[in-house]
1. Determine, from the Cβ-Cβ distance of ARG222 and ALA123 and an R0 of 45 Å, the FRET efficiency 1/(1 + (r/R0)^6), rounded to the nearest 0.05.
2. Return the Rg/Rh ratio of the chain with Cα-based radii and a Kirkwood Rh.
3. With a length cut of 27 Å (Cα positions projected on each helix's long axis) and a Kyte-Doolittle mean of at least 0.0, go through the chain and give me the DSSP H helices that pass.
4. Heavy atoms only, probe 1.4 Å: what % of the accessible area of the stretch 283-332 goes to carbon and sulfur, would you let me know?
5. Rounded, prolate or oblate, given the Cα gyration tensor of the stretch 336-409, with a/c below 1.5 counting as rounded?
6. Within 10 Å of each candidate Cβ there may be at most 14 other Cβ atoms; applying that plus a DSSP loop requirement, which trypsin sites (Lys or Arg not before Pro) in the stretch 34-134 survive?
7. What accessible surface, in Å², does a 1.4 Å probe find on MET255, ignoring ligands, DNA and RNA and rounding to the nearest 10?
8. Tell me the per residue accessible area of the chain using a 1.4 Å probe; a whole number in Å² is fine.
Amino acid sequence: MDYDFAILDLSDDSEEAVARRRGWVGAVLRGFRDPRPDDELVDRWVGHYRQDGVTVRGAWLPAGEFGAGPMPVATYASLDKTLNAGRELLPLRMVTDVTTSAAHRRRGLLRRMIEDDLADAVARGVPVAALTASEATIYGRWGFGPATFRHGVDVNTSPGFAFRSFTDPGRVELLEPVEAWPHVKAVFDAFHARQRGSVEWPTQYQDIHTGAYDFNGTGAHRKIRVAVHLGADGQVDGFAIFQHGEKDAVRVDEMAALTPQAQLGLWSFLAGLDRVTTVSFNLFHPDDPLMWALTDLNRVKTTELEEFLWLRVLDVPRALAARPWAADGTLVLEVDDPLDHAAGRYEVATRDGVATVVRTDAAADVRLTSETLGSLYLGDVPVMPLHRAGRVDGATEAVRRFAAMADLSEPAYNLTGF
């Protein structure tokens with residue numbers, strides 16, 4: 001069957017274009033097993049995508065084919081924001097809304113759209129692509145590798161919860177979500193600028209964090225609460241967005257802090273909420289000081305640890321120069337890339353944390369795939385376990401040299417799902 005592949009024109013408000021946009025949103029929600037969209041959801045979705053300049057791709061059944069209409073049988077969208085690579089904010093192609101109808105799987109629909117989009121990113125000089133996947137077995141074939149991980153915790157805040165010696169030099173204030181938004185956004189922007197692995201927020205985060213719209217339901221989100229932390233100087237330096245659940249539980253949707261004191265101040269506030277015995281958060285920072293600040297570290301229990309941000313390197317010299325390096329050294333890295341975007345041999349010379357990367361015909365010291373390079377890119381996934389797993393090839397001395405250069409002591413971290 002010849003499918004009709006198209007990119008939607010979000011500026012076209014003709015009757016046919018509006019019907020196709022609504023069908024496209026409906027297909028995305030169907031793919032993720034969510035309810036059909038109402039008018040407000042479609043309007044907000046399209047408005048956000050217009051603001052972010054999102055490219056909306058789809059595959060439709062050809063006219064006259066049984067089942068043909070405004071709803072596509074496959075969807076795909078992408079937009080360009082930034083990734084904190086460690087030394088700079090790098091242009092990033094963000095992939096989202098990837099679905100295929102259960103009746104049209106294994107027809108090459110995703111392959112066509114993702115390969116067209118990655119080629120477009122390369123043509124536009126975007127050096128890295130990213131996605132947050134709902135399935136871990138799909139995207140490796142296109143060179144994406146898991147680079148940051150989602151760490152979920154339950155914190156027992158029942159009587160006896162106590163810090164060893166912490167006294168908050170500032171204070172916490174509850175604000176209405178709309179009132180808090182400028183402070184939340186300012187903290188996140190500062191956090192994004194300093195945190196390796198962070199991805200810039202798309203436009204819809206304003207609706208999500210102000211409660212203007214609940215994308216998991218309908219209408220406004222009336223349950224979310226926002227706490228902001230003020231440092232000793234009176235400036236907002238952290239926030240926690242949360243909601244009360246059942247059985248004396250609180251779920252944190254988002255939390256970021258610019259200092260350890262702000263982080264502990266927010267945890268102290270959440271732990272002190274009346275009639276709350278459990279606080280859960282599924283994006284716990286790897287360097288969060290909470291566990292080691294408590295008198296009983298067993299009050300912090302890991303509930304999940306799974307991949308979160310997947311990265312795909314498209315321009316090897318540009319990408320590797322944008323990240324920090326841990327040791328001085330020189331080696332030749334060979335990348336195997338079935339799509340050919342990152343394929344080749346590269347001399348990587350690092351000095352004082354900075355890499356110079358050029359193509360070379362010299363023999364390779366270390367060989368890996370573009371998928372493995374994506375996992376290693378942020379320095380959070382160490383080299384040696386991947387070598388032992390057969391995913392980084394080379395003489396032991398060369399691989400150890402690569403590990404000394406590439407592994408980073410401070411963790412990468414990302415809050416942004418998309």
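The values are calculated or read from the model by the stated rules, or taken from the named source; none is laboratory data. Since this is a predicted model, take the numbers as computed values, not measurements. Backbone-built Cβ (ideal geometry, glycine too); neighbour counts: all protein chains shown. When the accessible area is computed, the model is the full protein with side chains, heavy atoms only, and any ligands, DNA or RNA have been set aside. Shrake-Rupley method; radii C 1.70, N 1.55, O 1.52, S 1.80 Å.
1. 0.50
2. Using Cα coordinates only, the ratio equals 0.99.
3. none
4. Accessible surface attributable to carbon and sulfur in the stretch 283-332 totals 53 percent.
5. Rounded, because the longest to shortest axis ratio a/c is under 1.5.
6. In loop regions of the stretch 34-134 (DSSP not H, G, I, E or B), the sparsely surrounded trypsin sites (Lys or Arg not before Pro) are ARG105, ARG106, ARG124.
7. 10 Å²
8. 46 Å²
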